[in-house]
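A.B. asks: Once you've had a glance at the structure underneath, I'll fire off some questions.
Quick note: the coordinates plus some simple rules give every number you see, no bench work behind them. A quick note: this is a predicted structure, and the numbers were derived from the prediction, not measured. Ideal geometry is used to build each Cβ from the backbone, glycine not excepted, and the neighbour counts take in all protein chains shown.
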Amino acid sequence: MADILNVQGLETVFRTREGTVHAVNGVSYHLKEGETLGIVGESGCGKSVTVMSMLRLIPSPPGQVVAGTAHYLGKDLLKMTDEEIRQVRGAQISMIFQDPMTSFNPVLTIGRQVSEPLEAHMGMTHTQSYDRVAEMLQMVGIPRAKERLNDYPHQFSGGMRQRVMIAMALTCNPQVLIADEPTTALDVTIQAQIVELVKRLRDELGMAIIWITHDLGIIAGLADRVAVMYAGYIIEEASVKELYSNPCHPYTLGLLGSLPRMDEQERRRLISIEGMPPVLFEKPTSCPFAPRCKYRVDRCLQENPPLQQVGPDHWVACWEDVKTGGPRQ
Amino acid sequence: MTGTNDYVLLRVENLVKHFPITKGIFIQKQIGAVHAVDGVSFNILRGETLGLVGESGCGKSTTGRAILQLHKPTSGHVFFEGEDLVTMRAESLRRMRRKMQMIFQDPYASLNPRMTVGEIIGEPLVIHNLAPKKEAEERVQQLLRLVGLNPSYSNRYPHEFSGGQRQRIGVARALALQPSLIICDEPISALDVSVQAQVVNLLEDLQHQFNLTYLFIAHDLSMVRHISTRVAVMYLGVIGELAAREELYTNPLHPYTQALLSAVPIPDPVAEEVRQRIILQGDVPSPVNPPSGCRFRTRCPLAAKICAEVKPEFREVSPGHFVACHMV
């Protein structure tokens, strides 16, 4: 299938009082039609900034996209005029945010907020759009949808609010849905409801999804392909089965080892990664993970490894082969 | 746990905590109550870790605080080493508190920003008049080393540390008085995944070293399975099921426990493919006006008529396995 999104060499910096922070340092990824890409990483690794940069949602100043291209159906999102990108955002590429408590306007009714993209992009009248919104709310599983159009966000629970957010993102039948940690603020049983809902809608509507999360558990059952980010770089990318069965970057290995598993037989000591993620005031010239890495060799402190292909659908940025303990061939 | 170790350190009996809802400014009238904890009973044996899991708002943190009398319980008893904390006078309670400490969820909010790390960790020693200044300083250095921080950090302020390091400071403060029981209230949920493992490993090491007893409150079921000896599952102010760790995770009997366990994602795409999920409908009801009979009946796939009428008894169905459900 064809690539619907193709991002190349994206770099974003934030100019702060303490200096320039290099949040995204040359990230490239692509998304095929109907595919689900998981972007995994810890807080501050640049996973949200990556997609926000692509949609030009980075507040500027202090943020600035300094390099890269982001082609959506052949057109570069980063070179579009403001008017053009407005036609794409919310209509063809839409987004669900992490916190369903703060992403709504508390003084507008749900009906008013969910219908906004319809009126803005599709030129629907108020009556038309409200009918469509009621339909959408029903589709995401909100009981008595029609009656609830005039309710305010605080009258919905967290899980329900996230459903409304999904409905709002899907009103214009987008080609791409970007979900930025949509279940992090929710309880596990509600999280399971939301994940099931998104899977069902994906299969019914055939959209592509970028799912950003720090939870390697959720991604395992949801994504086709996974990119692991660290310090503004994609350090490993593979198909979901390949990544979990054959993780090649020491950081990915550490992340998987630090998670206790529900189906584990033996009680083992968790693998912990010592230290903490860096804040990059300089663009690194060595491997950014090297200070925390168990497999570090001299070369790691001199050169930053590029992403290299190690399998049919598997790329890794590491000088060492963690399996053999020697340099990668 | 075997041999001499095997006795009850803490016994909680029918613990109830209601928070009043009042109306009016000058003449306050109680118009209702949040039934945060509604009759909870369990034991903790010396040296074990009891995991207390449940979703947000189920009353697990309130239970932890009510045990330490940080919230005065509405009714019920908390026996610590055989003495009832609920009826205890303030002075004796203060002395008892030496033996019971707490680690809080948010390492950003639970350390005073105007105190140095040394003052924070040394404060319990000062309050309880346990060590003269010089000795206290040495003890602080020792504690910092114990939790894996550089002793020279004692003159720094909390903002100079990362989340994981701050949580280590919280652990050091809890250890200062050499307590026997530590209540860990979601100690890792504010931390990044790779740092969570560091703190959990530290807690396990300290437990072995000092024979500590933990009440580990969390919503992360995989982590609770990893750290606990026994696990209690709470829902809307009551315990639905309590059993030894392996028993609870391999043979869950309460429908809520079953749904909760099936909802936890496993970081393995092959295992995820074949898993059957029990998806619960709806949300947790409000604790202001909880459902009659069984608390879980409004979302339970097995609910029958009796569930609305009679509150299920919390009974032992096999040795050490307690469950409150009519259908078991």
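A.B. asks: Tell me which residues, restricted to segment B:200-222, are under 16 Å from the mean Cα position of the chain (by Cα) and either within 9 Å of chain A (Cβ to nearest Cβ) or closer than 25 Å to A:His214 by Cβ (or both).
C.D. replies: B:Val200, B:Leu203, B:Glu204, B:Phe216, B:Ile217, B:Ala218, B:His219, B:Asp220, B:Leu221, B:Ser222
A.B. asks: Taking the condition closer than 27 Å to A:Gly217 by Cβ, within 13 Å of chain A (Cβ to nearest Cβ), assigned to a helix (DSSP H, G or I) and touching a helix residue (DSSP H, G or I) at 6+ places or on another chain (Cβ under 7 Å), does B:Val171 pass?
C.D. replies: On the way: closer than 27 Å to A:Gly217 by Cβ: yes; within 13 Å of chain A (Cβ to nearest Cβ): no; assigned to a helix (DSSP H, G or I): yes; touching a helix residue (DSSP H, G or I) at 6+ places or on another chain (Cβ under 7 Å): yes.
Criteria not met by B:Val171.
A.B. asks: I would also like to ask the following. Determine whether A:Trp319 is away from chain B (no Cβ under 14 Å), among the aromatic types (Phe, Trp, Tyr) and in contact with a Leu (Cβ under 7 Å, 6 or more places away or on another chain). Please lay out each step first, then the result.
C.D. replies: Numbers: away from chain B (no Cβ under 14 Å): yes; among the aromatic types (Phe, Trp, Tyr): yes; in contact with a Leu (Cβ under 7 Å, 6 or more places away or on another chain): no.
So A:Trp319 fails the test.
A.B. asks: Could I ask something else about it? Of these, A:Gly74, A:Gly34, A:Gly90, A:Gly44, which one is touching a Cys at 6+ places or on another chain (Cβ under 9 Å) and either of a type in the set (Gly, Ala, Ser) or crowded, with 20+ Cβ neighbours inside 10 Å (or both)?
C.D. replies: A:Gly90
A.B. asks: Could you pull out the residue among B:Leu242, B:Leu302, B:Leu248 that is surrounded by fewer than 18 Cβ atoms within 10 Å (Cβ to Cβ), among the aliphatic types (A, V, I, L, M) and more than 8 Å from every other protein chain (Cβ to nearest Cβ)?
C.D. replies: Working: B:Leu242 fails: surrounded by fewer than 18 Cβ atoms within 10 Å (Cβ to Cβ); B:Leu248 fails: surrounded by fewer than 18 Cβ atoms within 10 Å (Cβ to Cβ).
Within the list B:Leu242, B:Leu302, B:Leu248, the selection yields B:Leu302.
A.B. asks: Separate question: May I ask you to list the residues in segment A:190-207 that are of a type in the set (Asp, Glu) and at the interface with chain B (Cβ under 8 Å from one of its Cβ atoms)? I'd like the intermediate steps shown before the answer.
C.D. replies: We begin by selecting, within segment A:190-207, every residue of a type in the set (Asp, Glu); these are A:196, A:203-204.
Once the filter is applied, which keeps residues that are of a type in the set (Asp, Glu) and at the interface with chain B (Cβ under 8 Å from one of its Cβ atoms), segment A:190-207 yields only A:Glu196.
A.B. asks: Then there is this: Give me the residue from segment A:1-25 that is among the β-branched types (Val, Ile, Thr) and farther than 28 Å from A:Leu73 by Cα and, out of that set, surrounded by the most Cβ atoms within 10 Å (Cβ to Cβ).
C.D. replies: Step one: of segment A:1-25, the residues among the β-branched types (Val, Ile, Thr) are A:4, A:7, A:12-13, A:16, A:20-21, A:24.
Next cut, farther than 28 Å from A:Leu73 by Cα only: A:16, A:20-21.
Values: A:Thr16: 12, A:Thr20: 16, A:Val21: 20.
Of everything passing the filter in segment A:1-25, A:Val21 is surrounded by the most Cβ atoms within 10 Å (Cβ to Cβ).
A.B. asks: Restricting attention to segment A:292-312, and to residues there that are of a type outside the set (Val, Ile, Thr) and surrounded by 15 or more Cβ atoms within 10 Å (Cβ to Cβ), which single residue is nearest to the chain's Cα centre (by Cα)?
C.D. replies: Taking segment A:292-312 and keeping what is of a type outside the set (Val, Ile, Thr), we get A:292-296, A:298-309, A:311-312.
From the residues that got through so far, the ones that are surrounded by 15 or more Cβ atoms within 10 Å (Cβ to Cβ) too are A:292-293, A:295-296, A:300, A:304-305, A:307.
Details: A:Arg292: 25, A:Cys293: 25, A:Tyr295: 28, A:Arg296: 29, A:Cys300: 28, A:Asn304: 24, A:Pro305: 23, A:Leu307: 20 Å.
Checking each candidate, the answer is A:Leu307.
A.B. asks: Going through segment A:157-181 one residue at a time, which ones are within 14 Å of chain B (Cβ to nearest Cβ) and either under 21 Å from A:Gly221 (Cβ atoms) or not in a helix (DSSP H, G or I) (or both)?
C.D. replies: At the first step, the residues of segment A:157-181 found to be within 14 Å of chain B (Cβ to nearest Cβ) are A:157-164, A:181.
Result: A:Ser157, A:Gly159, A:Gln162, A:Arg163, A:Glu181.
A.B. asks: Considering only residues of segment A:130-156 that are touching a residue at least 24 places away in the same chain (Cβ under 8 Å) and outside any helix (DSSP H, G or I), which is nearest to A:Val88 (Cα to Cα)?
C.D. replies: Applying the first criterion (touching a residue at least 24 places away in the same chain (Cβ under 8 Å)) to segment A:130-156 yields A:132-133, A:136-137, A:139-142, A:148-154, A:156.
Within this subset, residues satisfying the condition of being outside any helix (DSSP H, G or I) are A:140-142, A:149-152, A:156.
Working: A:Val140: 23, A:Gly141: 27, A:Ile142: 27, A:Leu149: 26, A:Asn150: 28, A:Asp151: 29, A:Tyr152: 27, A:Phe156: 29 Å.
Within segment A:130-156, the match that is nearest to A:Val88 (Cα to Cα) is A:Val140.
A.B. asks: Sticking with this one: Determine whether A:Leu270 is within 27 Å of B:Gly148 (Cβ to Cβ), within 12 Å of chain B (Cβ to nearest Cβ) and among the aliphatic types (A, V, I, L, M). Break it down stepwise before answering.
C.D. replies: Numbers: within 27 Å of B:Gly148 (Cβ to Cβ): yes; within 12 Å of chain B (Cβ to nearest Cβ): yes; among the aliphatic types (A, V, I, L, M): yes.
In short, yes.
A.B. asks: Tell me, which strands (runs of 3 or more DSSP E) lie completely within segment A:4-104 with 1 or more residues that are within 14 Å of another protein chain (Cβ to nearest Cβ) and small (Gly, Ala, Ser)?
C.D. replies: Details: elements: A:19-32, A:36-40, A:63-72, A:93-96.
Hits in segment A:4-104: A:36-40.
A.B. asks: Can you tell me which residue is nearest to A:Asp203 (Cα to Cα) among those in segment A:49-71 that are polar (S, T, N, Q) and crowded, with 21+ Cβ neighbours inside 10 Å?
C.D. replies: Taking segment A:49-71 first, the residues polar (S, T, N, Q) are A:50, A:53, A:60, A:64, A:69.
Going one step further and asking which of them are crowded, with 21+ Cβ neighbours inside 10 Å, we end up with A:50, A:53.
Working: A:Thr50: 26, A:Ser53: 28 Å.
Ranking the qualifying residues of segment A:49-71, first place goes to A:Thr50.
A.B. asks: Hey, can you tell me all the residues within segment A:216-239 that are within 7 Å of another protein chain (Cβ to nearest Cβ) and either within 18 Å of A:Ile178 (Cα to Cα) or crowded, with 24+ Cβ neighbours inside 10 Å (or both)?
C.D. replies: Listed by number, the residues that qualify are A:Leu216, A:Ile218, A:Ala220, A:Gly221.
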